[in-house]
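Q: Structure below; questions to follow.
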Amino acid sequence: MQVDGKAFRTIWLAADGRAVEIIDQTKLPHRFEIAPLKNVDDAAHAIKEMLVRGAPLIGATAAYGMALAAGEDASDAALSSAYDKLHATRPTAINLRWALEEMMRTLSPLPQAERAARAYARAAEIADEDVEINRGIGRSGLPLIEKIAAEKPGETVNILTHCNAGWLATVDWGTATAPIYMAHEAGIDVHVWVDETRPRNQGASLTAWELGHHGVPHTVIADNTGGHLMQHGLVDMVITGTDRTTASGDVCNKIGTYLKALAAADNNVPFYVALPSPTIDFSLHDGLRDIPIEERTGEEVAMIAGRAADGRIETVQLVPDGSKVANYAFDVTPARLVTGLITERGVLAANAEAIAAAFPERVQAAA
Ligand code: MRU
């Protein structure tokens, strides 16, 4: 997508053909900085410390992390250690494990001398595939927005989103944002309510930044505002992303998503979840019981960073000294609250039958 008139992806191979470059998302929205990943430790650090984040981008970075590892030592032992190191970075987004397994499946049968080149090629394919999948999600979701626009001619279509499931969370396009970008490009009058998404503020910092750079009208709201907006008819639909969706359609996403789904159900607002198929965990059926929920440092809740009037980035404390804090990073929205899953193969009902019918080869592979 566009940053000041220049097309960017979130991750790409550096000019030397070995290192990888990323947009350092910890610096946004106040600074646009590119960071190099020179080895598997850099890749693991970038995922863990959230220089890159968002389920699909975590997967693509892990794939490139395996390529960086293979470039240094392509032995079975080195690849297996790289797998473990990358896998330990973040527990919830299933795209991480999906990408690592895909890389291992590709590399393990090859002679050692061929592995590095194939690893870089497969990582690039995974990145390209993500872009195409997200384009497909956009195509699947666009008619939902067109239908709402047709039902209220001359009026704005208001879409609420949570966290950042935009192009910054993927390689390009985003998942939740792909239909929105396509609607905007098709001339539909869309406006996005952007949940700030405490504690790390991916909505306020990242979604607002990318929508702004693309010229999509949006308004940042405090996380608790969505219910009020829905009660007053100011939200036509919700579209969120997901870090892991079970085979039966339970959706795990950024903390607070569940509360938006409850409010949407109470107000008859359609609640859609956009996801690429690698985000479906076909081995799990009960999201509440089985999806591991990341708990991050309490500092993310206790402290907040922002730009001071003189331009310096400052971090300040929000809570009293001594107060305990808890930081659950994700929650699970049961399938019954999900109106539909927007995938690259169409909009599916959030149930096991519809998901299995759309992705039979994945069901077979998981059996
Ligand atoms: O903790 P993050 O920023 O990695 O969480 C991101 C989200 O929760 C996104 O909604 C999800 O990964 C979907 S990304 C297309």
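Q: Can you tell me which residue among ARG105, ARG90 is on the phi < 0 side of the Ramachandran plot and assigned to a loop (DSSP other than H, G, I, E, B)? Quick ask: steps written out before the conclusion?
A: Working: ARG105 fails: assigned to a loop (DSSP other than H, G, I, E, B).
Every option except ARG90 fails the conditions.
Q: Right, GLY71: free of Cβ contacts under 8 Å to residues at least 60 places away in the same chain and either more than 12 Å from the ligand (Cβ to nearest atom) or in a helix (DSSP H, G or I) (or both) or not?
A: yes
Q: Another question about this same structure. Within the stretch 119-171, can you find the residues that are under 14 Å from the mean Cα position of the chain (by Cα) and either part of a helix (DSSP H, G or I) or of a type in the set (Lys, Arg) (or both)? Talk me through it step by step, then tell me what you get.
A: Step one: filter the stretch 119-171 for residues under 14 Å from the mean Cα position of the chain (by Cα), giving 127, 130-131, 133-134, 137, 161-171.
Of everything in the stretch 119-171, those that are under 14 Å from the mean Cα position of the chain (by Cα) and either part of a helix (DSSP H, G or I) or of a type in the set (Lys, Arg) (or both) turn out to be ALA127, ASP130, VAL131, ILE133, ASN134, ILE137, TRP167, LEU168, ALA169.
Q: Please specify each residue of the stretch 153-168 satisfying the condition of being closer than 25 Å to GLY227 by Cα and within 11 Å of the ligand (Cβ to nearest atom).
A: The answer is THR161, HIS162, CYS163, ASN164, ALA165, GLY166.
Q: Go through (1) free of Cβ contacts under 8 Å to residues at least 60 places away in the same chain; (2) within 30 Å of THR339 (Cβ to Cβ); (3) surrounded by 14 or more Cβ atoms within 10 Å (Cβ to Cβ) one by one and return the number of the condition VAL325 breaks.
A: Only one criterion is unmet by VAL325, namely (2).
Q: Can you run down the residue pairs with Cβ atoms below 8 Å, 6 or more apart or on separate chains, where the first is in the stretch 264-292 and closer than 19 Å to ALA99 by Cα and the partner is among the basic types (Lys, Arg) and part of a loop (DSSP other than H, G, I, E, B)?
A: Final answer for the pair search is SER277/ARG345.
Q: Still on this model: Scan the stretch 279-289 and tell me whether some residue there is assigned to a loop (DSSP other than H, G, I, E, B), within 19 Å of the chain's Cα centre (by Cα), in the same structural domain as TRP193 (by TED's automatic domain parsing) and within 15 Å of the ligand (Cβ to nearest atom).
A: Filtering the stretch 279-289 down to residues assigned to a loop (DSSP other than H, G, I, E, B) leaves 282-286.
Going one step further and asking which of them are within 19 Å of the chain's Cα centre (by Cα), we end up with 282.
Okay, now just the ones that are also in the same structural domain as TRP193 (by TED's automatic domain parsing), so 282.
Add one more test, that the residue is within 15 Å of the ligand (Cβ to nearest atom), and what stays is none.
For the stretch 279-289, residues assigned to a loop (DSSP other than H, G, I, E, B), within 19 Å of the chain's Cα centre (by Cα), in the same structural domain as TRP193 (by TED's automatic domain parsing) and within 15 Å of the ligand (Cβ to nearest atom): absent.
Q: In addition: Between a first residue in the stretch 25-50 that is under 26 Å from ARG312 (Cα atoms) and a second residue that is loosely packed, with under 15 Cβ neighbours inside 10 Å and among the hydroxyl-bearing types (Ser, Thr, Tyr), which pairs have beta carbons less than 7 Å apart while being 6 or more apart in sequence or on different chains?
A: Going by the 7 Å Cβ cut-off, there are no qualifying pairs.
Q: Tell me whether the stretch 261-274 contains one or more residues that are in a loop (DSSP other than H, G, I, E, B), within 24 Å of ALA88 (Cα to Cα), more than 10 Å from the ligand (Cβ to nearest atom) and among the polar types (S, T, N, Q).
A: Among the residues of the stretch 261-274, not one is in a loop (DSSP other than H, G, I, E, B), within 24 Å of ALA88 (Cα to Cα), more than 10 Å from the ligand (Cβ to nearest atom) and among the polar types (S, T, N, Q), which makes the answer no.
Q: Also, quick follow-up: Being surrounded by fewer than 20 Cβ atoms within 10 Å (Cβ to Cβ) and within 27 Å of ILE291 (Cα to Cα) is the filter here; which residues of the stretch 103-128 pass it?
A: Once the filter is applied, which keeps residues that are surrounded by fewer than 20 Cβ atoms within 10 Å (Cβ to Cβ) and within 27 Å of ILE291 (Cα to Cα), the stretch 103-128 yields MET104, ARG105, THR106.
Q: Tell me the strands (runs of 3 or more DSSP E) entirely within the stretch 324-363 that contain at least 3 residues that are more than 15 Å from THR175 (Cβ to Cβ). Lay out the reasoning, then the answer.
A: On the way: elements: 330-333, 340-343, 346-348.
Fully inside the stretch 324-363 and qualifying: 330-333.
Q: How many of the residues in the stretch 328-341 are within 11 Å of the ligand (Cβ to nearest atom) and either more than 14 Å from THR257 (Cα to Cα) or in contact with a Phe, Trp or Tyr (Cβ under 9 Å, 6 or more places away or on another chain) (or both)?
A: Qualifying residue count for the region: 1.
Q: Right, another one. Is at least one residue of the stretch 249-261 more than 22 Å from GLY203 (Cβ to Cβ) and without any contact (Cβ under 8 Å) to a residue 40 or more places away in the chain?
A: no
The values are calculated or read from the model by the stated rules, or taken from the named source; none is laboratory data. Just so you know, these numbers come straight off a predicted model, no measurement behind them. Reconstructed Cβ throughout: ideal geometry from the backbone, glycine too, with neighbour counts over all protein chains shown.
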